[in-house]
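Structure record follows, encoded as C-alpha cells.
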Amino acid sequence: MAYETLIVEVEDYVATIRLNRPDALNALNARLMSELAQAVTEADRNDTVRCIVLTGSEKAFAAGADVKEMAELSYVDVFQADFFAQDADTIARARKPIIAAVAGYALGGGCELAMICDFIIAADNAKFGQPEINLGIVAGMGGSQRLTRFVGKAKAMDMHLTGRFMDAAEAERCGLVSRVVPLKSLMEEAMKAAQKVAEKSKVTAMAVKESVNRAFETTLREGLLYERRMFHAMFATEDQKEGMAAFLEKRQPQFRDR
Ligand code: HXC
C-alpha cells in the first residue's frame with residue numbers, strides 16, 4: 001500500500017512506519033493521521049508482523065499537529081471532526097506492540113503520538129514538549145493525561161504551562177522514555193528491540209501489552225485482578241508449555257503463537 005505521508009516497510013517480522021512530511025518537520029495533518037491509522041491497522045492484521053516501529057526523521061519525530069491546517073478552524077469544525085481522536089484511538093488500540101523511535105522534535109501531537117506507542121526509544125538529540133499553550137490551545141491527543149501518568153504532576157504541569165522542551169536525558173530520568181541511544185544507532189537499536197519482541201510468542205506479547213496498559217486505565221485492585229487472570233490464561237496456551245519445556249531442556253523455545 002503506497003502512502004503520501006508515510007514510508008512503510010515490513011522486514012523480518014517488523015513493520016517500520018516512517019512519518020514522511022520532511023518540509024513540515026512531520027507535522028501531523030489529517031491526511032497523515034488517517035494514513036497512519038490505516039498503516040497501523042494493516043500491520044496489526046498482517047500475520048507476518050510481530051512488532052511495529054514508528055519513527056520520523058533525524059530532525060523530527062513530529063513537531064506537532066499541523067498549525068497551518070488548524071489555524072482557521074472553528075470550534076464546530078474541530079468538534080465535528082473530533083480532531084484526530086478516531087485515528088489516535090485506532091493507533092492506541094493496536095494489539096501488537098508499537099515501539100516509538102524518536103529523534104529530534106516530538107512536540108505537541110508528536111509527543112502525544114510517541115506516548116500512545118508502547119515504549120519510546122529516544123536518540124540523544126530528541127526533544128519532547130507540549131508547547132500548545134504558546135498557540136493558545138491545550139493538548140488534545142492525550143498529552144495532559146498520558147504525560148502526567150508518565151512523569152508525574154510537577155513535570156507535566158511544568159511542560160504544559162511553560163511550553164519548555166525536555167531533552168532526552170531528562171526524558172529518560174523521569175520515565176518518559178525507556179532508553180536513550182546515540183542518534184546514529186537509533187534505528188539499529190529500535191530494530192534490535194523490535195526483533196527481541198518478535199522472537200517471543202505473539203500471543204504472550206499481546207497479553208503483556210494488554211496487562212501493562214491496564215495500569216493506565218483502571219485501579220490497582222482491578223489491574224492486579226486483570227493481571228492474575230491473564231497469568232492464569234497463559235497456562236491455556238501451547239507457548240507456555242513450549243517456553244517452560246525449552247527452559248528445562250536448555251534450548252531456545254520454538255513459539256507457535258498458539
Ligand atoms: C506546521 C510546522 C510545524 C507544525 C514546524 N513546521 N512545525 N508546520 N505545523 N507544528 C514547519 C515550519 O513552519 C517550517 O516550514 C518548517 O516546518 C521548519 O520549521 P522551522 O520552524 O523553520 O524550524 P526550526 O527553526 O528548526 O524550529 C523547529 C521547531 C518549530 C522548534 C520544532 O518549528 C516549532 O516550534 N514548531 C511548532 C511546534 C508546536 O507548536 N507544536 C504543537 C502544535 S499544536 P516553512 O514552510 O516555514 O519552511 C499540537 C496540538 C495537538 O500539536 C492536538 C491534537 C489533537
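The values are calculated or read from the model by the stated rules, or taken from the named source; none is laboratory data. The model shown is predicted, which means the values in this text are computed figures rather than measured ones. Please note: Cβ atoms are built from the backbone with ideal geometry, for glycine as well, and neighbour counts cover all protein chains shown. Surface accessibility is based on the protein's heavy atoms, side chains included, excluding ligands, DNA and RNA. Shrake-Rupley method; radii C 1.70, N 1.55, O 1.52, S 1.80 Å.
State, to one decimal in nm², a quarter of the convex hull surface area for the C-alpha atoms of the range 162-208, i.e. the direction-averaged projected area. All intermediate terms of the calculation are to be shown ahead of the outcome.
Details: hull surface 18.9 nm².
The directionally averaged projection comes out at 4.7 nm².
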Task: Surface share of carbon and sulfur [accessible, 1.4 angstrom probe, percent] for the chain - done: 55 percent
TODO: Report the charge-dipole magnitude of the range 37-192 in Debye, nearest 20, computed about the Cα centre from +1 at each Lys and Arg Cβ and -1 at each Asp and Glu Cβ.
DONE: 560 debye
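Nearest 20 debye, what's the magnitude of the dipole of the range 16-69 about its Cα centre given +1 on Lys and Arg Cβ and -1 on Asp and Glu Cβ?
Working: 7 positive and 8 negative charges, 18 e Å.
I would put it at about 80 debye.
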Open item on the list: For the pair PHE235/ARG258, report the inter-label distance in nm, with labels modelled 7 Å from Cα in the Cβ direction.
Closed with: 2.1 nm
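Using only Cα atoms, what is the ratio of the radius of gyration of the chain to 2.2 N^0.38 Å? Please list the in-between numbers first.
On the way: Rg = 18.8 Å, N = 258, 2.2 N^0.38 = 18.1 Å.
With N residues counted in the chain, Rg over 2.2 N^0.38 Å equals 1.04.
Report the FRET efficiency, 1/(1 + (r/R0)^6), for ALA30 and GLU249, where r is their Cβ-Cβ distance and R0 is 45 Å, rounded to 0.05. Walk me through the intermediate numbers first.
Numbers: r = 53 Å, r/R0 = 1.18.
Approximately 0.25, to the nearest 0.05.
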- [ ] Using only alpha carbons, build the gyration tensor for the range 126-258 and give me the equivalent ellipsoid semi-axes, biggest first, whole Å.
- [x] 36, 21, 11
TODO: Give me the Debye-computed log₁₀ of I(q)/I(0) at q = 0.15, 0.18, 0.23 Å⁻¹ for the range 1-110, equal point scatterers on Cα only, no solvent, two decimals.
DONE: -0.62, -0.87, -1.31
Task: Degrees between helix 220-234 axis and first principal axis of the chain (Cα, 0 to 90, nearest 10) - done: 40 degrees
Open item on the list: Assuming 0.36 nm per residue, please report the length gained on full extension of the stretch LEU220 to ARG149 beyond their Cα-Cα distance.
Closed with: 24.2 nm
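Given the rule -39500 (n - 2.57) for each run of at least 4 DSSP H residues, summed and divided by the residues of the chain, what is its mean residue ellipticity at 222 nm, to the nearest 500 deg cm²/dmol? Kindly include the intermediate steps, with their values, before the conclusion.
On the way: 12 runs with 124 residues, N = 258.
Computed mean residue ellipticity for the chain: -14500 deg cm²/dmol.
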- [ ] Considering the options ILE137, SER74, ALA88, tell which one lies farthest towards the positive end of the dipole of the chain, charges being +1 on Lys and Arg and -1 on Asp and Glu at the Cβ, about the Cα centre.
- [x] ALA88
TODO: Compute the relative contact order of the range 154-258 as a whole-number percentage, counting only Cα pairs closer than 8 Å that sit 6 or more residues apart in sequence.
DONE: 19 percent
Task: Amide N of the range 126-143 lying under 15 Å from the label point, which is placed 7 angstrom from the Cα of THR162 along Cα→Cβ - done: 128-134
- [ ] For the chain, calculate the relative contact order in percent as a whole number, restricting contacts to Cα pairs under 8 Å that are 6 or more residues apart.
- [x] 16 percent
Task: Chain lengthening between ASP47 and LYS184 when straightened (0.36 nm per residue, less Cα-Cα) - done: 46.3 nm
Task: Label-point gap, in nm, between VAL10 and VAL212 - each point 7 angstrom along Cα→Cβ - done: 2.4 nm
